[in-house]
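K.L.:
For reference, the structure I am asking about is given below.
The values are calculated or read from the model by the stated rules, or taken from the named source; none is laboratory data. Remember, it's a predicted structure, so these values are computed and weren't measured experimentally. Here the Cβ is made from the backbone with ideal geometry for all residues, glycine too, and neighbour counts use every protein chain on show.
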2 protein chains.
Amino acid sequence: MVRMRDIADHLGISVSTVSLAMNRKDQGRVNAPLAERIRATAQEMGYTPNLHALGLKLNKSHAIALICRTSPDDPFLSAMTGGAQAAATDAGYILITIPVSSAPGAEAEAIETALQRDVDGIVFAADFYRRRSIPGVPDSTPFVFLDCVSTGANPVVTEVIADEVQGSFEATAHLLAAGHTRIGYIGVDDDRYLARHLRERGFRAALREHLGSGAAPLIVNAADPSISAGEQAAHQLFERAGSEPPTALFCFSDRTAFGVAQAARARGLRLPEDLSIVGFDNVEYTSEFFSPRLTTVELPHQRMSAEAVRQLVHRIEHPRSDPLRITVPCPLIHRDSVRPAVPSSERLER
Amino acid sequence: MVRMRDIADHLGISVSTVSLAMNRKDQGRVNAPLAERIRATAQEMGYTPNLHALGLKLNKSHAIALICRTSPDDPFLSAMTGGAQAAATDAGYILITIPVSSAPGAEAEAIETALQRDVDGIVFAADFYRRRSIPGVPDSTPFVFLDCVSTGANPVVTEVIADEVQGSFEATAHLLAAGHTRIGYIGVDDDRYLARHLRERGFRAALREHLGSGAAPLIVNAADPSISAGEQAAHQLFERAGSEPPTALFCFSDRTAFGVAQAARARGLRLPEDLSIVGFDNVEYTSEFFSPRLTTVELPHQRMSAEAVRQLVHRIEHPRSDPLRITVPCPLIHRDSVRPAVPSSERLER
DNA sequence: CTGAAAGCGCTAACAG
DNA sequence: CTGTTAGCGCTTTCAG
């Protein structure tokens, strides 16, 4: 491990001059050619700064903590950590992922761990979009929220969230563009999911915009976002619809969509010929194990976490900057579960 | 942030005494009651050691690096990092995950990053079980292999791998125990997968043990582990089997199994009534989106990575210990895709 | 049994 | 323009 000391000796100069040159604080302090020569030999000798020394001196670790709940089978975890990793590396930081169990004091403990490592900032991620209280972090440690917002009206902390409304609007618009007019929505009846209201709002907005405000949208909420609840809800919706069944369904989640597909098949409907469906989440493998391959709205965890890290770095480097609410769009992933609507007259002929 | 200095002042003693007491190096150096009192007040004042200072002094960071390829949708990534995280935390270390792209110099770069952070050890993980060369890491930095083995006969480095043979043996034995006798195996025809041979070996061994060496096992290899290749291979197998079709199939992977299921259904077979299948991997969501819920062998990434970290910590703390090859068992996950075999006479009656 | 002092690699006043 | 110096928090001889 070559130190500044080594390169100073090698050049017959002092450590502080080397330090100045290496930190590009040499404007009018070290003459240009010398500075250049220092940097060159540093490179040559394979100098890498000792981060412990730096940290000790500057109270800066060039490390960022990602604190999040980790259930062993969270489908979004890899995308989240991956995006955060990449962004951190890009910015010259390292990412430390600190898992937090669901035990009571776990979050405080995680924060403690992070602080002890002297991280320069913390990203708090939720396991799904939710409202949460501001964590007990000293004012001196910048932090941002990922996939969650603080209780209280105005963002007092930078928050990175998905644009659920836009995503569901787009999905519904896609169905409308395919000629469907009788479109239902299978939501979820659990207020812990903030997304619940946002996705319904996007759905309604698209319908209103394309069909006018006259149409009463067909909406049934499943008990939870599971496959079986989705299945049940779909049956309910078809029964409620009676003789005018929907030709397309927008679903709260991919799992909901899967349940819906099972219900539809049980009723003798072919997918996507008789019923088009769009899911939400773009859970990995969903597209592979689902047939027809599911058209769905992606929850862009990778982009979100990358953005969260970028925002955090910004706040680390500009401590006085204002908190922001960043909304990242949810792209619609076109696959095979949506078909153009067939006018009902033609359908009867077959 | 309270320092040793603070607690020394508070007690009117010197820093070195505190250090001695805190590090339990006080045997016959500090009198017992004082040492105890020091530890008590440290606790009270909320002392936490400054890791930068420690690292600087001792060249130890209490950090471990996990270096691995990360494709954004590796289904095993969360389990792997999760297990490693937990084990590292348990051992008082922190885990730094360093992603490595598939670009040429990427691995060297990742190692560089790790070394610069002064990690105490490195876990190298492969994206699937494979043989690989020893990475260019200084002798002073302990490392272990996860899900890979070194080229060369004897392990020169500690390796943690899954017991693929045992897993497939158990799966096949389960099928046999359910009364099946005509059992086929859909493998994969790609030698990059070391698992390929091991799984086939387990399959053959179970058959031999239960059925004797007379039976020629029905084996078809798919071109790759994808769904479509599995589907094709299954058709091929059924054609080859002719009038004596298998009543159960063991599959190289869950995706293979999914393809197999599609092929079977296309041939009018009901699952699991007419055909039992067992997969391999226990990929998340596979059980949910697969119907019937897939009985499969789990690739225990969480346990493996935890074990790798434990081994690494052991090597960090006992540098002269011998390299080991650790094999962790693959449990069979019982779900709904296996049914007891029905004697062929009864089958015809229905 | 306890304390003083040096030093890990680096930065930042401050002198020169 | 360059060098000297002190000090970040801790461990570890070495004296006392």
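K.L.:
Of all residues in region B:99-119, which are in contact with a Leu (Cβ under 9 Å, 6 or more places away or on another chain) and more than 8 Å from chain A (Cβ to nearest Cβ)?
P.N.:
The answer is none; no residue qualifies.
K.L.:
Also, I was wondering about something else. So which residues in region A:101-147 are surrounded by fewer than 21 Cβ atoms within 10 Å (Cβ to Cβ) and closer than 16 Å to A:Thr81 by Cα?
P.N.:
Selection gives A:Ala126, A:Asp127, A:Phe128.
K.L.:
Checking the structure you have, find out if any residue of region B:60-69 is under 30 Å from the mean Cα position of the chain (by Cα), more than 16 Å from DNA strand C (Cβ to nearest atom), free of Cβ contacts under 8 Å to residues at least 24 places away in the same chain and more than 10 Å from chain A (Cβ to nearest Cβ).
P.N.:
no
K.L.:
Looking only at region A:59-72, which residues are surrounded by 15 or more Cβ atoms within 10 Å (Cβ to Cβ) and either farther than 30 Å from B:Gly83 by Cα or away from DNA strand D (no atom under 16 Å from the Cβ) (or both)?
P.N.:
A:Ala63, A:Ile64, A:Ala65, A:Leu66, A:Ile67, A:Cys68, A:Arg69, A:Thr70
K.L.:
Mind checking which residues of region B:324-350 are of a type in the set (D, E, K, R), part of a loop (DSSP other than H, G, I, E, B) and at pLDDT below 90?
P.N.:
If the condition is that a residue be of a type in the set (D, E, K, R), part of a loop (DSSP other than H, G, I, E, B) and at pLDDT below 90, then B:Arg350 is the only one that fits.
K.L.:
I need a count of the residues in region B:272-289 that are modelled with pLDDT under 95, touching a strand residue (DSSP E or B) at 6+ places or on another chain (Cβ under 8 Å) and away from chain A (no Cβ under 13 Å).
P.N.:
So the answer is 0.
K.L.:
Kindly indicate the residue of region A:39-53 that is more than 9 Å from chain B (Cβ to nearest Cβ) and of a type in the set (A, V, I, L, M, F, W, C) and also surrounded by the fewest Cβ atoms within 10 Å (Cβ to Cβ) among those meeting that condition.
P.N.:
Out of the qualifying residues, it is A:Ala40.
K.L.:
Something else about it: Mind checking whether some residue in region A:13-27 is within 9 Å of another protein chain (Cβ to nearest Cβ), among the small types (Gly, Ala, Ser), within 14 Å of DNA strand D (Cβ to nearest atom) and closer than 26 Å to B:Val119 by Cβ?
P.N.:
no
K.L.:
All but one of (1) surrounded by 18 or more Cβ atoms within 10 Å (Cβ to Cβ); (2) modelled with pLDDT under 95 hold for B:Thr181; state the number of the condition that does not hold.
P.N.:
Answer for B:Thr181: the failing condition is (1).
K.L.:
Here is a follow-up. Which ones in region B:115-158 are of a type in the set (Ser, Thr, Tyr) and over 19 Å from B:Tyr93 (Cβ atoms)?
P.N.:
Listed by number, the residues that qualify are B:Tyr129, B:Ser133, B:Ser150, B:Thr151.
K.L.:
Return a yes/no flag: does region A:124-135 have any residue that is more than 16 Å from the chain's Cα centre (by Cα) and in contact (Cβ under 8 Å) with a residue 24 or more places away in the chain.
P.N.:
Yes, because at least one residue in region A:124-135 is more than 16 Å from the chain's Cα centre (by Cα) and in contact (Cβ under 8 Å) with a residue 24 or more places away in the chain.
K.L.:
Which one is farthest from DNA strand C (Cβ to nearest atom) among residues in region B:1-29 that are outside any helix (DSSP H, G or I) and among the β-branched types (Val, Ile, Thr)?
P.N.:
B:Val2
K.L.:
Filter region A:148-173 down to the residues that are among the aliphatic types (A, V, I, L, M) and under 28 Å from A:Leu58 (Cβ atoms), then identify the one that is surrounded by the fewest Cβ atoms within 10 Å (Cβ to Cβ).
P.N.:
Across region A:148-173, the extreme among qualifying residues is A:Val156.
K.L.:
Being assigned to a loop (DSSP other than H, G, I, E, B) and aliphatic (A, V, I, L, M) is the filter; apply it to region B:136-158 and report the residue that is nearest to B:Ile67 (Cα to Cα).
P.N.:
B:Val137
Each row is one residue, and each column tells you yes or no for (1) outside any helix (DSSP H, G or I); (2) in contact with a Leu (Cβ under 7 Å, 6 or more places away or on another chain); (3) within 14 Å of chain A (Cβ to nearest Cβ); (4) surrounded by 20 or more Cβ atoms within 10 Å (Cβ to Cβ).
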site	(1), (2), (3), (4)
B:Phe250	yes, yes, no, yes
B:Ala263	no, no, yes, yes
B:Arg270	yes, no, no, no
B:Ser291	yes, no, yes, no
B:Asp322	yes, no, no, no
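K.L.:
For region A:70-87, how many residues meet the condition of being under 30 Å from B:Leu56 (Cβ atoms), under 11 Å from the mean Cα position of the chain (by Cα) and at the interface with chain B (Cβ under 9 Å from one of its Cβ atoms)?
P.N.:
Residues meeting the conditions: 1.
K.L.:
Residue pairs, Cβ under 8 Å, 6 or more apart or interchain, first in region A:19-38 and in contact (Cβ under 8 Å) with a residue 60 or more places away in the chain and of a type in the set (Ser, Thr, Tyr), second assigned to a helix (DSSP H, G or I) and more than 8 Å from DNA strand D (Cβ to nearest atom). List them.
P.N.:
Nothing qualifies.
K.L.:
Based on what the data block shows, is A:Tyr93 away from chain B (no Cβ under 12 Å), of a type in the set (Ser, Thr, Tyr) and either surrounded by fewer than 17 Cβ atoms within 10 Å (Cβ to Cβ) or under 25 Å from A:Ala162 (Cβ atoms) (or both)?
P.N.:
no
K.L.:
Can you go through A:Ile122, A:Ile161, A:Ile111 and tell me which one is over 28 Å from A:Asp190 (Cα atoms), assigned to a strand (DSSP E or B) and at pLDDT 90 or above?
P.N.:
Step by step, each of A:Ile122, A:Ile161, A:Ile111 is checked, and only A:Ile122 is over 28 Å from A:Asp190 (Cα atoms), assigned to a strand (DSSP E or B) and at pLDDT 90 or above.
K.L.:
Of all residues in region B:30-53, which are near DNA strand C (Cβ under 10 Å from one of its atoms), more than 18 Å from A:Leu115 (Cβ to Cβ) and either of a type in the set (Val, Ile, Thr) or within 35 Å of the chain's Cα centre (by Cα) (or both)?
P.N.:
The answer is B:Val30, B:Ile38.
K.L.:
Would it be correct to say that A:Leu56 is within 14 Å of another protein chain (Cβ to nearest Cβ), closer than 29 Å to A:Val119 by Cβ, hydrophobic (A, V, I, L, M, F, W, C) and within 7 Å of DNA strand D (Cβ to nearest atom)?
P.N.:
So A:Leu56 passes the test.
K.L.:
Moving on. Can you name the number of the only condition in (1) more than 14 Å from every other protein chain (Cβ to nearest Cβ); (2) within 16 Å of DNA strand D (Cβ to nearest atom); (3) buried (at least 16 other Cβ atoms within 10 Å of the Cβ) that A:Glu36 fails?
P.N.:
(3)
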